[in-house]
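Colleague: Please find one structure pasted underneath; my questions will follow.
The values are calculated or read from the model by the stated rules, or taken from the named source; none is laboratory data. All of these numbers come straight from a predicted model, not from anything done at the bench. Ideal geometry is used to build each Cβ from the backbone, glycine not excepted, and the neighbour counts take in all protein chains shown. The area values use the complete protein model at the heavy-atom level, side chains included, leaving out ligands, DNA and RNA. Shrake-Rupley method; radii C 1.70, N 1.55, O 1.52, S 1.80 Å.
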Amino acid sequence: MDAPALMRAVVIGGGVAGLVAARRLVLGGADVVLLEAADRLGGRVAATELGGVVLDTGAESFAVRGGAVRALVDRLGLGADVQDPAGSAWVALPDRTVPLPSAGLLGIPSSPLATDVIRVLGAGGAARAYVDRLLPVLGVGRYDRLGPLVRRRMGDRVLDRLVAPVVGNVYGADPDEVPLDAVAPGLNAALTRAGTLSGAVLELRAAAPPGAAAQGIAGGVHRLVTALTDGLRAAGVDLRLGSRVIGVHPDPLGGPITVVTAEEDLQADRVVVAADGATALELLADAAPALAALPLPAPARTRAVLLQVPDRRLDAAPRGTGVLRAAGREGVRATAITHLTAKWPWLRDRVEPGTHYLRLSYRGGDEVPDGVAAADAAALLGVDRIAVAARADAVWTDSAPALAPETLAVRSALARTALPAGLTVAGSWVAGTGLASVVAGAERAASLEAPDHPSGSS
Ligand SMILES: Cc1cc2nc3c(=O)[nH]c(=O)nc-3n(C[C@H](O)[C@H](O)[C@H](O)COP(=O)(O)OP(=O)(O)OC[C@H]3O[C@@H](n4cnc5c(N)ncnc54)[C@H](O)[C@@H]3O)c2cc1C
């Protein structure tokens, strides 16, 4: 009897979504080619060398929620290197900079009258947040957006001083536009059970695994890309860099799908499109023309500025792991700073005392003069002046931010679209921002047993 023909699979895009999809396909026995347009793998997980240390320039941690990243990290042999952040973040308010309350969810406090909450909101703001405990129970699904829910139950101060800085930093999104279920799955149901928003937060926190909500990897999260790449090479996956896909053409008669690059046409039984949102929609034009006609949001650009700073005053981690800027804080352009040497034990151990690494985040890709970066770092960390020894920048573009209303509309249209057999889609624009969503989504999209459409979960 003849051996069954090997399934041919093509993965388009070599970010984490594409790498995870390729891994799943090759482990399932497929013959896999991965096509990546750039000259390196990893996409928005990347690194650069600064002052003798290699640092993440994109993702630098992963959410523990769901367990998908941790399971992958363990299978790749990096489990022993997983680290919790050594501390927590602060928030820069219009008039002061204070620690973020410890017991919250997306900034929503579980105890409105706790001392650390009053420090952020003031007595009046905390009293308003406590009104949540007195308001009648909400009907299920009455609020489908995060912002209006928080504002109604706990008031503007909770939204502006806690929730907006956290959601803006993690998701690059405005809480007024963010669907509740996408960023806080289970909160709606917990709200109905508990009867109050603070009670719902308490319930979800109690149900979450103990420990930090996000973790890192000693040496940097980019080690995940190296480990994935090494594993794929060892398993025989054909990794092609500088190979931009320009077309995906399903066979109307159900035969193999044709994947087109400038150099060649490839035939495949399975194709996973794991490119960014705008590119993916172009590539789906033949398979799902109605989708390609839908509008996408304006691309979101962010600039990460990494600084090496010799400064003994920072040894004491004066602002914990870093600071998120709340609206109304004047005189600072950066939206956040991460004090990397305070946050990650592995990095602190790698440098001499008095040497620090900082990462500033800016919305938009505009240039940030050295003086502005240094002044922002000093202002956010509460020191009078910072001298910068070395600097490295990375500018990132997200062509379809996952929580933008237009992207969400395309996602739900995609979920209702019957794509040709063998064709699936992965990546942050369909699965949700962040490695936890991206890894789980790519595993689903590359499942050989039951290829399905993206579920639209975040
Ligand atoms: C500054 C920054 C910080 C972040 N911090 C965190 C964090 O701490 N924790 C966290 O969980 N997440 C974080 N994220 C988000 C996280 O990095 C992303 O959600 C995730 O890496 C996206 O992976 P992806 O594979 O979907 O997309 P990408 O990484 O964008 O990969 C898409 C790939 O497709 C390739 N491609 C595009 N078009 C084509 C084509 N036509 N043919 C072939 N290849 C193509 C691209 O070159 C790219 O390599 C951060 C993101 C940024 C920018």
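Colleague: Of His339, His222, which has the most accessible area and how do the rest follow, probe 1.4 Å? All intermediate terms of the calculation are to be shown ahead of the outcome.
Modeller: Working: His339 0, His222 30 Å².
Result, largest first: His222, His339.
Colleague: Before anything else, pin down the relative contact order of the chain: Cα pairs under 8 Å, at least 6 apart, normalised by residue count, whole percent.
Modeller: 23 percent
Colleague: Go ahead and run the numbers for FRET between Asp84 and Ala290, Cβ-Cβ distance against an R0 of 30 Å, rounding to 0.05.
Modeller: Working: r = 46 Å, r/R0 = 1.52.
Efficiency, rounded to the nearest 0.05: 0.10.
Colleague: Provide, for q = 0.15 Å⁻¹, the log10 of I(q)/I(0) from a solvent-free Debye sum over equal Cα point scatterers in region 228-379.
Modeller: Values returned for q = 0.15 Å⁻¹ are -0.89.
Colleague: Sticking with this one: For the chain, what is the percent of antiparallel DSSP beta bridges, rounded to the nearest 5?
Modeller: Working: 47 of 66 bridges.
So the antiparallel bridges amount to about 70 percent of the total.
Colleague: Just subtract the alpha-carbon distance of Asp174 and Leu6 from 0.36 nm times their residue separation and send over the number in nm, one decimal.
Modeller: Details: separation 168, 0.36 × 168 = 60.48 nm, distance 4.66 nm.
Computed gain between Asp174 and Leu6 is 55.8 nm.
Colleague: While we're looking at this one, here's another question. Computed over the Cα atoms, what is the radius of gyration of region 100-207 divided by 2.2 N^0.38 Å, N being its residue count? Spell out each step's value before the answer.
Modeller: Numbers: Rg = 12.2 Å, N = 108, 2.2 N^0.38 = 13.0 Å.
Taking N as the residue count of region 100-207, the ratio is 0.94.
Colleague: Which residue, Gly320, Val383, Val372, has the largest displacement toward the positive end of the dipole of region 298-448 when charges sit on each Cβ (Lys, Arg +1; Asp, Glu -1)?
Modeller: Gly320
Colleague: Something else about it: With +1 assigned to the C-beta of every Lys and Arg and -1 to the C-beta of every Asp and Glu, and no other charges, what is the dipole magnitude of region 99-190 about the Cα centre in debye, to the nearest 20? Walk me through the numbers before you get to the answer.
Modeller: Working: 10 positive and 9 negative charges, 70 e Å.
I would put it at about 340 debye.
Colleague: Related question: Take the chain, compute every pairwise Cα distance, and split them into 20 Å bins from 0; I just need the percent in each bin.
Modeller: Result returned by the calculation: 24, 54, 21, 1.
Colleague: Next question, about the same structure. Subtracting the Cα-Cα distance from 0.36 nm times the residue separation, let me have the gained length for Ala123 to Arg75 in nm, one decimal.
Modeller: Details: separation 48, 0.36 × 48 = 17.28 nm, distance 4.86 nm.
Extra length from Ala123 to Arg75 when fully extended: 12.4 nm.
Colleague: Quick check for me: using +1 on Lys/Arg Cβ and -1 on Asp/Glu Cβ, what's the dipole size of region 176-284 about its Cα centre, in debye to the nearest 20? Display every interim value, and only then the final one.
Modeller: Values: 7 positive and 13 negative charges, 116 e Å.
Value, rounded to 20: 560 debye.
Colleague: Could you give the accessible area per residue of the chain, probe 1.4 Å, as a whole number in Å²? Walk me through the numbers on the way to the answer.
Modeller: Details: 19030 Å² over 458 residues.
That works out to 42 Å² per residue.
Colleague: Which percent of the accessible heavy-atom area of the chain goes to carbon and sulfur, probe 1.4 angstrom?
Modeller: It is 54 percent, rounded to a whole number.
Colleague: Helix-derived [θ] at 222 nm for the chain: sum -39500 (n - 2.57) over DSSP H runs of at least 4, divide by residue count, nearest 500? Intermediate results must be reported in sequence, preceding the final value.
Modeller: On the way: 17 runs with 148 residues, N = 458.
My calculation for the chain gives -9000 deg cm²/dmol from helical runs alone.
Colleague: Right, another one. Could you give the dipole magnitude of the chain about its Cα centre, charging the beta-carbon of Lys and Arg +1 and that of Asp and Glu -1, in debye to the nearest 20? Please list the in-between numbers first.
Modeller: Details: 44 positive and 47 negative charges, 350 e Å.
Result for the chain is approximately 1680 debye, rounded to the nearest 20.
Colleague: Compute the angle between helix 370-381 and the longest alpha-carbon principal axis of the chain, please, reported from 0 to 90 degrees and rounded to the nearest 10.
Modeller: 60 degrees
Colleague: I've got another one for you. Over the Cα atoms of region 220-274, how large are the radius of gyration and the largest Cα-Cα distance (Dmax), in Å?
Modeller: That works out to 14.2, 47 Å for Rg and Dmax.
Colleague: While we're looking at this one, here's another question. R0 = 30 Å: FRET efficiency of Glu406 with Asp251, Cβ-based, nearest 0.05? Show your work: numbers first, answer last.
Modeller: On the way: r = 31 Å, r/R0 = 1.03.
Efficiency at R0 = 30 Å is approximately 0.45.
Colleague: Would you mind computing, in nm to one decimal, how far apart the modelled labels at Leu135 and Trp396 are, each placed 7 Å from Cα along Cα→Cβ?
Modeller: 3.3 nm
Colleague: Right, another one. What does the charge count around Leu403 come to, taking other residues whose C-beta lies under 12 Å from its C-beta (Lys +1, Arg +1, Asp -1, Glu -1)? Walk me through the numbers on the way to the answer.
Modeller: Details: positive: Arg145, Arg411; negative: Asp174, Asp176, Glu177, Asp181, Asp398, Glu406.
Computed value for this residue: -4.
Colleague: Okay, moving on. If one takes the longest principal axis of the Cα atoms in the chain, at what angle in degrees, from 0 to 90 and to the nearest 10, does the Cα axis of helix 405-415 lie?
Modeller: With both axes taken from Cα atoms, the answer is about 40 degrees.
Colleague: By how many degrees, 0 to 90 and rounded to 10, does the Cα axis of helix 222-234 deviate from the longest principal axis of the chain?
Modeller: Approximately 20 degrees, to the nearest ten.
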